[in-house]
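Just below is one structure, and these are the notes that go with it.
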Amino acid sequence: MDKLLIRGGNRISGTVAASGSKNSALPVIAATLLTPDGTFTLNRIPDLQDVRTFSALLEYLGAKVSFENNVLRVSTDQLKSIEAPYELVKKMRASIYVLGPLLSRFGHTRVSLPGGCAFGPRPVDLHIMVMEKLGADITIEKGFIDAKVKGSRLRGARIDFPISSVGATGNALMAAVTASGTTILGNAALEPEIECLCHFLQKMGASIEGIGTTTLVIEGVERLRAVTFDNIFDRIEAGTLLSAAAITKGEITVTGVIPLQLESVIDAFRRAGCTVTTGPDSISLSAPEKLLPTDITANPYPAFPTDMQAQWMAMMTQAEGTSTIIDKIYHERFNHIPELNRLGARIEIRENQAIVHGPQELTGTKVMSTDLRASACLVLAGLVATDTTEVLRVYHLDRGYEKIEKKLTSLGADIERDRYQEFS
Ligand code: EPZ
């Protein structure tokens, strides 16, 4: 198993390119299941564990997949299975994204329920609601979602989401693009990753209006075709790299990322005393001598993203005062707090609010990753802790960050990867 050894105290400074976005790549890869016509060439696909897991799922279904130099080539003309097995879905919740495409293409699919994750239950009731509204019969048996289309194909419908859901919006789009008639999605997710999926589906021949708004209108079409497509950059990775400069009193430019996609995070950095300037596809940050305590509340886009909440918490341990952090999307997404406190932070939880008392000197020791963004948070804390911080179980980190220790080393961090055995 891998760990990262981080000797804290170095300032992060320099320029680094963001990788392709994980959370747009996964639904885009799923959408290749929608048509047998041709071979897809997907550019700027990050080399991450989740992308390799999704590729393995597509190969299990019978797709032909090749992946090198961040280019993923997929053809799904020879699919041989309609079942997404537990072993793969359990590894990655985003596997639920095959539900819409497989149901739309074959009229029947069986997808394992994903189960929960480190920060609480991750229901899929909205995904099921979508497919039922579009004309599928759904039964849940032996841990599987068994979905069958009534009649010959899915039928367009009006679907109003009670809460904003990235995944359910993505699944609805992929099921609706070849359904018969019109589908209207109300309270659709606005995240840039969903906008990217819409542009990909449009390029494949889908008819989607209202992109970038919370109301999407999809006219079903007969056929879609394989295309070449450039994935967007990863705004959460970019925000994480910006945080590395902020916490170490450094300065950084991250290229590729569109500032608009991180507007709420840029606002928070400025409230914390950072100087942030932006170009068309770059963000530059220079940190103040002393970070100011800055409250954030994670909410659906365009508000502060939940996927940056843990990283922000690491930063606020160094701020000159007390900050409050609330996560309205995942109320229990606080597994990083006990580990931060083991490094010397002083963070308490009161009624779903994290109260971060700063500044606190952090002292390196062994800490355990529990989920993807919690591990990023511990790496950030290690950059500023005295002595050496050992971040264990970095397989969590590898799910969502491409070569992050190489990127941080190029920016001045003293960080290296090592192997270790866990007590059985
Ligand atoms: C996506 O997950 C992201 N994952 C998550 O990023 C991100 O945290 C999340 O959106 C919120 O922005 C990918 O894109 C692969 P949701 P998703 O459906 O689609 C509830 C990371 O670190 N809900 O928008 O699963 C749910 O419990 C990961 O990269 C239902 O109640 O999130 C949550 O409270 C972690 N029923 C809220 O909606 C459902 O059927 C938003 O979840 C589905 C969701």
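The values are calculated or read from the model by the stated rules, or taken from the named source; none is laboratory data. Computed from a prediction, not measured in an experiment: that's the story for all the values here. Cβ placement follows ideal geometry from the backbone for every residue including glycine, while neighbour counts extend to all protein chains displayed. Only protein heavy atoms, including side chains, enter the accessible area calculation; ligands, DNA and RNA are left aside. Shrake-Rupley method; radii C 1.70, N 1.55, O 1.52, S 1.80 Å.
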Q: Hey, can you tell me all the residues within the stretch 83-116 that are open to solvent by 10 Å² or more (accessible area, probe 1.4 Å), under 16 Å from residue 60 (Cβ atoms) and among the hydroxyl-bearing types (Ser, Thr, Tyr)?
A: 86, 97
Q. In this structure, is residue 224 touching a residue at least 60 places away in the same chain (Cβ under 8 Å), part of a loop (DSSP other than H, G, I, E, B) and open to solvent by less than 10 Å² (accessible area, probe 1.4 Å)?
A. yes
**Q.** 1 or more residues open to solvent by less than 40 Å² (accessible area, probe 1.4 Å), touching a strand residue (DSSP E or B) at 6+ places or on another chain (Cβ under 6 Å) and within 18 Å of residue 309 (Cα to Cα): qualifying helices (runs of 4 or more DSSP H) within the stretch 351-411
**A.** 372-384
Q: Scan the stretch 91-99 and give yes if some residue there is over 18 Å from the mean Cα position of the chain (by Cα) and at pLDDT 95 or above, otherwise no.
A: yes
Q.
Quick check on my filter: what residues within the stretch 285-317 are open to solvent by 30 Å² or more (accessible area, probe 1.4 Å) and polar (S, T, N, Q)?
A. 286, 297, 299
Q: Please state which one of 27, 46 is in a loop (DSSP other than H, G, I, E, B) and under 24 Å from residue 239 (Cβ atoms).
A: 46
Q) What number of residues within the stretch 30-44 are touching a Ser or Thr at 6+ places or on another chain (Cβ under 9 Å) and either farther than 16 Å from residue 206 by Cβ or surrounded by fewer than 18 Cβ atoms within 10 Å (Cβ to Cβ) (or both)? A) 7
(Q) Within the stretch 241-252, does at least one residue satisfy the condition of being within 16 Å of the ligand (Cβ to nearest atom) and assigned to a helix (DSSP H, G or I)? (A) yes
**Q.** Looking only at the stretch 255-272, and only at residues there that are closer than 23 Å to residue 189 by Cα and aliphatic (A, V, I, L, M), the one that is most open to solvent (accessible area, probe 1.4 Å)
**A.** 260
Q. Yes or no: residue 21 closer than 30 Å to residue 288 by Cβ, of a type in the set (Gly, Ala, Ser) and open to solvent by less than 40 Å² (accessible area, probe 1.4 Å)?
A. yes
Q. Quick check: anything in the stretch 70-79 without any contact (Cβ under 8 Å) to a residue 40 or more places away in the chain and within 25 Å of residue 49 (Cβ to Cβ)?
A. yes
Q: Would you check if there is a residue in the stretch 52-72 being closer than 25 Å to residue 418 by Cα, within 14 Å of the ligand (Cβ to nearest atom) and surrounded by fewer than 23 Cβ atoms within 10 Å (Cβ to Cβ)?
A: yes
Q) Within the set of pairs 6+ apart or on separate chains, which have a first residue in the stretch 328-353 that is within 16 Å of the ligand (Cβ to nearest atom), a second that is of a type in the set (Phe, Trp, Tyr), and C-beta atoms under 7 Å apart? A) 330/119; 332/119; 333/119; 335/119
Q: State all residues of the stretch 92-136 that are in contact with a strand residue (DSSP E or B) (Cβ under 6 Å, 6 or more places away or on another chain) and near the ligand (Cβ under 8 Å from one of its atoms); if no residue qualifies, say none.
A: 128
Q. Which of the residues that make up the stretch 75-100 are under 26 Å from residue 122 (Cβ atoms) and either in a strand (DSSP E or B) or touching a Cys at 6+ places or on another chain (Cβ under 8 Å) (or both)?
A. 83, 84, 93
Q: Go through the stretch 360-396 and give me each residue that's aliphatic (A, V, I, L, M) and more than 24 Å from the chain's Cα centre (by Cα).
A: 362, 384, 385
